[in-house]
Amino acid sequence: MLSHDRRRTRRNAGFTLMELMIVLVIIGVLAAAVTPALINRAEKAKITRAKADIVNIANQVKMFKADNSRYPESVQDLINKPSYAKDWPAGGYLEKLEDDPWGNPYVLRVPGDNGKDYDVISYGADGTQGGEDSDADLSYWTLNETKK
C-alpha cells in the first residue's frame, strides 16, 4: 500500500512538458494580441502630449505679442529674453521647453503658412515635414481648424 501512494504522489508532483508547452503557447497568443493595442495607445498619448504642448507654446506666443507688439523669432525667445523684447515677465514666457514626444524640437514659424501670422509645429515621429499617422505634422492652426 505504501509503494502505491508513493507512485501517485510522484506522478502528480509536477507539470509535464506538454502542459508547459500549452501554457507557453497561450501566453504567446495573448501577448501577440495585446502588444499592438498597447503600442497604439502609447503613440496616441504622444500625439495628445504634442498637441497640448503646441497649444501652450501658441498661447505664450500670443502673450509675447501682446507685451512686445511683435512675435518672437523662435521658441527660444519665449524662454530667454531676446534683445528686442521690451517687456519680460519674471521667469519668461516658458520656464523651459522640452522637445516633442519624439525627441525633436518644436518649430515656431513667423510668418506662418496659409496667411497666418505665426505657427507652432511638431514634425511628428520622423522629424521631417510631411508624413502620415505618427509621422504626420502637428500644427497649431491645423489643430484649431479641426476643432471647428
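Any read-out appearing in this document is the output of simple, stated calculations on the displayed coordinates, not a laboratory observation. Not measured: the values here are computed from a predicted model. Note that we place each Cβ from the backbone using ideal geometry, even for glycine, and neighbour counts take in every protein chain shown.
Report which label in (i) 41, 34, 27; (ii) 99, 34, 26; (iii) 48, 37, 30 holds the value of Cα extents along the principal axes in Å derived from the coordinates of this structure. After the calculation, the listed value that fits is (ii).
Quick one: compute the contact order of the chain, relative version, from alpha carbon pairs under 8 angstrom and 6+ residues apart, as a percent. Display every interim value, and only then the final one.
Working: 147 pairs, mean separation 25.3, N = 148.
Once normalised by length, the contact order is 17 percent.
Within the chain, what's the longest stretch lacking chymotrypsin sites (Phe, Trp or Tyr not before Pro) that sit in DSSP loops with no more than 15 other Cβ atoms inside 10 Å? Value returned for the longest uninterrupted segment is 16-83.
Quick one: dipole size for the chain, taken about the Cα centre, charges +1 on Lys/Arg Cβ and -1 on Asp/Glu Cβ, in debye to the nearest 20.
On the way: 20 positive and 21 negative charges, 227 e Å.
Computed charge dipole of the chain: roughly 1100 debye.
Can you sort Ile54, Ile47 from fewest to most other Cβ atoms within 10 Å of each residue's own Cβ? Could you put the intermediate results ahead of the total?
Values: Ile54 22, Ile47 19.
Taking fewest neighbouring Cβ atoms as first place, the list is Ile47, Ile54.
Residue-wise HN-Hα couplings along the range 85-98, as the Karplus relation 6.51 cos²θ - 1.76 cosθ + 1.60 with θ = phi - 60° gives them from phi, are 7, 7, 10, 9, x, 4, x, x, 7, 10, 5, 7, 9, 7 Hz; Gly and Pro carry x. Which whole-angstrom value gives the distance between the alpha carbon centres of the range 93-148 and the range 9-76? Using only Cα atoms to place each centre, the spacing works out to 20 Å.
What's the longest uninterrupted piece of the chain once you rule out the GluC sites (Glu not before Pro) that are loop residues per DSSP with at most 15 other Cβ within 10 Å?
Values: sites that count: Glu73, Glu95, Glu98, Glu132.
Counting only loop sites that pass the neighbour cut-off, the longest clear stretch is 1-72.
Annotated for the range 13-92: lysine pairs at least 8 residues apart or interchain, Cα distance under 28 Å, count 9. Annotation for Asp67 and Arg49: the two label points, set 7 Å from Cα along the Cα-Cβ direction, are 2.7 nm apart.
When all alpha carbon pairs of the range 77-148 are counted in 10 Å bins from zero, the resulting P(r) reads 18, 40, 33, 9, 0 %.
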